[in-house]
Amino acid sequence: MKKFLFPLYCIVSACLVSSCSDKQATVELTPTPLSCTVDNGTFNWNNDTWITLKGSGIDSTIINTAFKSSGQLPVQYAKTVPERNMILLERVEQLPTVHHPEGYTLTVRPETISIQATSDAGLFYGVQTLLQLAKAGGGKVQAVTIADEPRFEYRGIMLDVSRHFRTIDFLKKQIDLLASYKINRLHLHLTDGAGWRLEIKQYPRLTEFAAWRKPATWKAWWEGERQYCEQTDPEAYGGYYTQDQIRELLEYARLRCVTIIPEIEMPSHSEEVLTAYPELSCTHEPYKQGDFCIGNEKTFEFLENVLSEVVELFPSQYIHIGGDEASKASWKTCPLCQARMKKEGLKDVDELQSYLIHRIERFLNAKGKTLLGWDEILQGGVAPNAAVMSWRGEEGGIKAVRDGHPAIMTPGEYCYFDAYQDAPYSQPEAIGGYLPLNKMYGYDPVPDSLSQEEAKLIKGVQGNLFAEYIPTDEHMEYMLYPRAIALAEVAWTQPANKSWDSFRQRILKIIPEIKAKGYNTFDYSQEIGNRKEALEPIEHLAKDKPVTFNIPYWENYPANGAKTLTDGLRGGWNYNDKRWLGYVKDMDVVIDLGEETTLHSIGADFMQICGPYVYMPAQVIISVSQDGKEYSELTKIDHKIVKDDAVSFKNFGWTGETSARYVRYQAMQGDIQGSVLFVDEIVVK
C-alpha cells in the first residue's frame, strides 16, 4: 500500500503544451501544469471509492468544497485509509519538486490517487486538476504524475459592481467557475460615481441615497442629469451589500481559496459620496464635484472611518483605494487645499494627491494592511509601502518595481475585458477597445526590460471588467468568458509550457461545458476576427517615405511614432493595437515622395467610437506640391459627424490624375469639444 500512498515524484518529461502525452494516452488540463507524465492504466472512480484526509492542520471544509463540483462522481469520506480504490489528500511540510505554497503533486495509479500539498490551497487546486481528468474520462482517471505550482501569487479578476449592481448569488456563481481554473483574487470595484455598494454603518446616506439612481443603465444616467434618488423612490435602481452579506460572500470565497479585495475610490470618482455628504468637497455643493477636498480634515475623518469598517470586514492584505483619474481642478482654487499645500510644502496638485495617498497608507499600515492603487498613485511620489496596479500600459508597473514596490500588471491593451472580443458590428455595444482571445492569451506580465530581481516584484496579473456598457448579468458573463480562462493560464502557467494552438483546441471544448453549467459565454467557434485591412501589410507609393508633422500627434497614442502613417500597416478594430495614430482634434502632415510622381489616389481611414470621444473628421483637405511650399488643393471633403453607438470606419480620399512630390493631408474636427482623431495609414497610389 505504501508505494501508492507515498509515491516517488520523478519528473520524467515537461509538458510543453497544454496536454500531458505519451504514445498511449493524452490528457488536457487548463491551466497547463508545470510538469506532467502520462503513465499506464486508469483509476476507476466509482461508488466504492473513498476519500481520505491526512496531515495536521488540514481544513476539511475547503476540501469538501473542492469536491462539490465533481458532478456525477461519488464523494464519500473514510476515517481510515483503505488499501485500494481510494483518493488520499495529504498535507505535508514540504515537497521535493514543488516550492510554491499553492503548489501540489498529483499521482494517479490504477488502485489509488494521491494529492500532496503544503497548504489547503494546494490541495484545493490539486482536486481541481483531478476533477478535470475525471470528467475527461467519464470517471476513469488516466494514470499521471503531475507536479504543479503557479507562476504568480496574484491571479485576479476585477468586477465593477458600481456601474451596475450584481447580487451576491451572481458573485458566488463567478467565484465557483474562476476558482476551478485557479483564479485566487476577486477585486470588487465597490464605489464610483454611479453608485456606492457597501454598507457603512457610520454613514447611512451612502446606502440610503448614494446607492440609487432612476435610470437603470449607466449610459442613460451618464447622458442624463446624473442624479441619485432615495432608496424608497418607486423608480430607484441600484443596490448595496450589507455587512452580513459581505461576511457570507467572504466565507464562500475562502472555502474556494479566493481572496476578495475591496476597492474604495479616492480621491476621485466620488460624485456619489460628495452629493450625499457635500461638505467633503471643495465647493460644499452637491452634484458639483468628483474629487474629495484634501485640505479638509473632515475628508480624512470620513475616509478613515469608512476604511476602519472595511478593514474590519475584509481579511485581504490589500485594500484598494483607486487613486485614478482625479481632475484636480478644484484643488487649484480651493482655499483649504491651497492652505494644505502651503503648510505641507507641496509644490503642485500632484503632490497634494500624493499627500492623501501617503496619509491613507499610514492609516492602513497601522491596521496591518497594504495600500493598493491604480498607477496614478505614482504621481507626486508613491507612498513607501504601496503596491501598484499598472493599467495605463506597463510603464507604471515598471516604474513601481524599479522603485522597490510590488506591482500587478493589468494594462488596458491586454487585460480590459470591457473591450470588444470580436468584430464590433457583431457584438453588443461596448465602451471600445478590441481584445480577442488570442491577444489575451499571448500576454506576458513580465516586461522584457526588467532584470531578474526586478521581475520578482511583479506579483501577478488581473483582468478588469468595468461595467458602464454591461447592464445585465448575462452580458457580464459574456464579456468574462472565455477571456478569464485565458488569463487563468497566463497567471498560472510558465511561458515555456503555453501553446496557443493547444489552448484554442481546449477552449473550444470548455465553452460548451461551461454553457451547460448555466454560464453565458462568447462562442469563440464563431469568431470573425480582426478587421481585414489589418491582416496584411499594404504596398503603396508613400510606404516608408518621411512625414513632416505640422501639428504634433498625440503623445498618449503615438502608435509607431513618425513612421505610423507610412509604415504599410493598416489598423484593426481599435486604436489600442498601436497602428492608429492619435491627434487631439486636428492633423496636418506632409509626405515627401522623394521625386515627382504620377498620382491617381490618396486616402486615409479614420474610425469613430463615440463613447471615448473618438470622432471622424468634419473636414479633410488633400493638396499636392512640387516644391513643398506652394500647394494645389485636390479635394476638400466636408463630413457631417453623427454621434451614434456604432464603431465605424470611413476612408477620406481623392482619386484622379496628377503629378507631385509632396502630399499634404489635413483633417479637422470642427466644433466638437474634447474629441480626438485616429488615422492609420495615408495610402498613395
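Six or more apart or on different chains, Cβ under 8 Å: which pairs go from a residue in segment 63-87 that's free of Cβ contacts under 8 Å to residues at least 60 places away in the same chain to one that's in a helix (DSSP H, G or I) and aliphatic (A, V, I, L, M)? Could you list them?
Pairs found: Ile87/Leu130.
How about segment 426-466: which of its residues are among the aromatic types (Phe, Trp, Tyr) and in contact with a strand residue (DSSP E or B) (Cβ under 9 Å, 6 or more places away or on another chain)?
Filtering segment 426-466 down to residues among the aromatic types (Phe, Trp, Tyr) leaves 434, 441, 443, 466.
Those that are among the aromatic types (Phe, Trp, Tyr) and in contact with a strand residue (DSSP E or B) (Cβ under 9 Å, 6 or more places away or on another chain): Tyr434, Tyr443, Phe466.
Of the residues Thr30, Thr37, only one is buried (at least 19 other Cβ atoms within 10 Å of the Cβ), in a loop (DSSP other than H, G, I, E, B) and modelled with pLDDT of 95 or more; which?
From the options Thr30, Thr37, the qualifying one is Thr30.
Which of the residues that make up segment 247-280 are closer than 30 Å to Pro335 by Cα and either of a type in the set (Lys, Arg) or part of a strand (DSSP E or B) (or both)?
Glu263, Ile264, Glu265, Met266
Hey, can you tell me all the residues within segment 349-386 that are over 30 Å from Tyr443 (Cα atoms), in contact with a strand residue (DSSP E or B) (Cβ under 8 Å, 6 or more places away or on another chain) and among the polar types (S, T, N, Q)?
Asn365
Which of the residues spanning segment 387-397 are in contact with a strand residue (DSSP E or B) (Cβ under 9 Å, 6 or more places away or on another chain) and surrounded by fewer than 20 Cβ atoms within 10 Å (Cβ to Cβ)?
Kept after step one, since they are in contact with a strand residue (DSSP E or B) (Cβ under 9 Å, 6 or more places away or on another chain), are these residues of segment 387-397: 387-392, 394, 396-397.
If the condition is that a residue be in contact with a strand residue (DSSP E or B) (Cβ under 9 Å, 6 or more places away or on another chain) and surrounded by fewer than 20 Cβ atoms within 10 Å (Cβ to Cβ), then Arg392 is the only one that fits.
Condition check ((1) buried (at least 18 other Cβ atoms within 10 Å of the Cβ); (2) outside the structural domain of Leu177 (by TED's automatic domain parsing); (3) within 12 Å of the chain's Cα centre (by Cα); (4) modelled with pLDDT of 95 or more) across all residues:
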{"residue": "Tyr441", "(1), (2), (3), (4)": "yes, no, no, yes"}
{"residue": "Ser449", "(1), (2), (3), (4)": "no, no, no, yes"}
{"residue": "Asn464", "(1), (2), (3), (4)": "yes, no, yes, yes"}
{"residue": "Met479", "(1), (2), (3), (4)": "yes, no, yes, yes"}
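Taking the stated definitions as given, is Val388 β-branched (Val, Ile, Thr), assigned to a strand (DSSP E or B) and closer than 15 Å to Gly323 by Cα?
So Val388 passes the test.
Taking segment 570-601 only, how many residues are within 27 Å of the chain's Cα centre (by Cα) and buried (at least 19 other Cβ atoms within 10 Å of the Cβ)? Lay out the reasoning, then the answer.
Narrowing segment 570-601 to residues within 27 Å of the chain's Cα centre (by Cα): 570-584.
From what's left, buried (at least 19 other Cβ atoms within 10 Å of the Cβ): 570-577, 579-583.
Of the residues in segment 570-601, 13 are within 27 Å of the chain's Cα centre (by Cα) and buried (at least 19 other Cβ atoms within 10 Å of the Cβ).
Could you count how many residues in segment 118-140 are within 15 Å of Phe67 (Cα to Cα) and outside any loop (DSSP other than H, G, I, E, B)? So that I can check it myself, show each step before the final result.
From segment 118-140, those within 15 Å of Phe67 (Cα to Cα) are 120-135, 139; that's our starting set.
Keeping just the survivors that are outside any loop (DSSP other than H, G, I, E, B) gives 120-135.
Qualifying residue count, segment 118-140: 16.
Across segment 494-507, what is the total count of residues that are in a loop (DSSP other than H, G, I, E, B) and hydroxyl-bearing (Ser, Thr, Tyr)? Before the answer, list the steps.
From segment 494-507, those in a loop (DSSP other than H, G, I, E, B) are 494, 498-499; that's our starting set.
The next check asks that each one be hydroxyl-bearing (Ser, Thr, Tyr); those that pass are 499.
Total satisfying the criteria: 1.
Please identify the pairs in which a residue from segment 372-401 that is within 23 Å of Leu188 (Cα to Cα) and modelled with pLDDT under 95 has its Cβ atom under 9 Å from the Cβ atom of a residue that is surrounded by fewer than 20 Cβ atoms within 10 Å (Cβ to Cβ) and of a type in the set (Gly, Ala, Ser), counting only partners at least 6 apart or on another chain.
As it stands, the answer is Arg392/Gly412; Gly393/Gly412, since those pairs meet every condition given.
Could you check segment 583-685 for strands (runs of 3 or more DSSP E) lying wholly inside it with 1 or more residues that are among the polar types (S, T, N, Q)? So that I can check it myself, show each step before the final result.
Values: elements: 587-608, 619-625, 632-638, 648-668, 677-684.
Once the strands (runs of 3 or more DSSP E) in segment 583-685 are filtered for at least 1 residues that are among the polar types (S, T, N, Q), what remains is 587-608, 619-625, 632-638, 648-668.
Being closer than 23 Å to Lys298 by Cβ, free of Cβ contacts under 8 Å to residues at least 40 places away in the same chain and surrounded by 14 or more Cβ atoms within 10 Å (Cβ to Cβ) narrows it down to one residue among Thr191, Thr207; which is it?
That would be Thr207, the only listed residue that is closer than 23 Å to Lys298 by Cβ, free of Cβ contacts under 8 Å to residues at least 40 places away in the same chain and surrounded by 14 or more Cβ atoms within 10 Å (Cβ to Cβ).
Step by step: first the residues of segment 273-291, then only those that are of a type in the set (S, T, N, Q) and out of contact with any Phe, Trp or Tyr (no Cβ under 8 Å at 6 or more places or on another chain), then the one that is nearest to Ala211 (Cα to Cα). Which residue is that?
Here the answer is Gln289.
Just name the residue that is farthest from Asn85 (Cα to Cα) out of those in segment 141-160 that are part of a strand (DSSP E or B) and of a type in the set (D, E, K, R).
For segment 141-160, the residue satisfying everything is Asp160.
Check whether at least one residue in segment 53-65 is surrounded by fewer than 19 Cβ atoms within 10 Å (Cβ to Cβ), modelled with pLDDT of 90 or more, closer than 16 Å to Ala134 by Cβ and of a type in the set (A, V, I, L, M, F, W, C), and report yes or no.
Within segment 53-65, none of the residues are surrounded by fewer than 19 Cβ atoms within 10 Å (Cβ to Cβ), modelled with pLDDT of 90 or more, closer than 16 Å to Ala134 by Cβ and of a type in the set (A, V, I, L, M, F, W, C).
Any idea which of (1) in contact with a strand residue (DSSP E or B) (Cβ under 9 Å, 6 or more places away or on another chain); (2) surrounded by 15 or more Cβ atoms within 10 Å (Cβ to Cβ) is the one Gln76 doesn't satisfy?
(2)
Identify, please: which residue in segment 405-419 is more than 22 Å from Asn385 (Cα to Cα) and touching a residue at least 40 places away in the same chain (Cβ under 8 Å) and is, among those, surrounded by the fewest Cβ atoms within 10 Å (Cβ to Cβ)?
The extreme case among them is Gly412.
For segment 119-157, give me the residue count where each residue is of a type in the set (S, T, N, Q) and within 30 Å of the chain's Cα centre (by Cα). Talk me through it step by step, then tell me what you get.
So in segment 119-157, the residues of a type in the set (S, T, N, Q) come out as 119, 128-129, 132, 142, 145.
After this cut, where a residue has to be within 30 Å of the chain's Cα centre (by Cα) as well, the list is 119, 128-129, 132.
Looking only at that region, the number is 4.
Mind checking which residues of segment 88-108 are more than 18 Å from Pro33 (Cβ to Cβ) and in contact with a Leu (Cβ under 9 Å, 6 or more places away or on another chain)?
The answer is Leu88, Glu90, Arg91.
Considering only segment 515-540, state which residues are in contact with a Gly (Cβ under 8 Å, 6 or more places away or on another chain), surrounded by 11 or more Cβ atoms within 10 Å (Cβ to Cβ) and assigned to a loop (DSSP other than H, G, I, E, B).
Asn530, Arg531, Pro537, Ile538, His540 - these are the residues of segment 515-540 that are in contact with a Gly (Cβ under 8 Å, 6 or more places away or on another chain), surrounded by 11 or more Cβ atoms within 10 Å (Cβ to Cβ) and assigned to a loop (DSSP other than H, G, I, E, B).
With respect to the numbered conditions (1) at pLDDT 95 or above; (2) assigned to a helix (DSSP H, G or I), which one is the sole condition not fulfilled by Ser69?
It is condition (1) that Ser69 fails.
Quick one: Arg163 ticks every box in (1) in contact (Cβ under 8 Å) with a residue 60 or more places away in the chain; (2) outside any loop (DSSP other than H, G, I, E, B); (3) of a type outside the set (S, T, N, Q); (4) buried (at least 18 other Cβ atoms within 10 Å of the Cβ) bar one, so which box is it?
So the condition that Arg163 fails would be (2).
Given the conditions (1) of a type outside the set (A, V, I, L, M, F, W, C); (2) crowded, with 21+ Cβ neighbours inside 10 Å; (3) within 30 Å of Ala220 (Cα to Cα), report the number of the one that Lys650 does not fulfil.
(2)
Is it the case that Asn44 is more than 38 Å from the chain's Cα centre (by Cα) and of a type in the set (S, T, N, Q)?
Criteria met by Asn44.
If I filter segment 313-335 down to residues being assigned to a helix (DSSP H, G or I) and crowded, with 16+ Cβ neighbours inside 10 Å, which single residue comes out as nearest to the chain's Cα centre (by Cα)?
For segment 313-335, the residue satisfying everything is Leu313.
Kindly indicate which of Tyr665, Tyr631, Tyr615 is surrounded by 15 or more Cβ atoms within 10 Å (Cβ to Cβ), of a type in the set (Phe, Trp, Tyr) and within 31 Å of the chain's Cα centre (by Cα).
Tyr615
The values are calculated or read from the model by the stated rules, or taken from the named source; none is laboratory data. Owing to the predicted nature of the structure, the values given are computational and were not obtained by experimental measurement. Methodologically, a virtual Cβ is constructed for each residue, glycine included, from the backbone with ideal geometry; neighbour enumeration extends over all protein chains shown.
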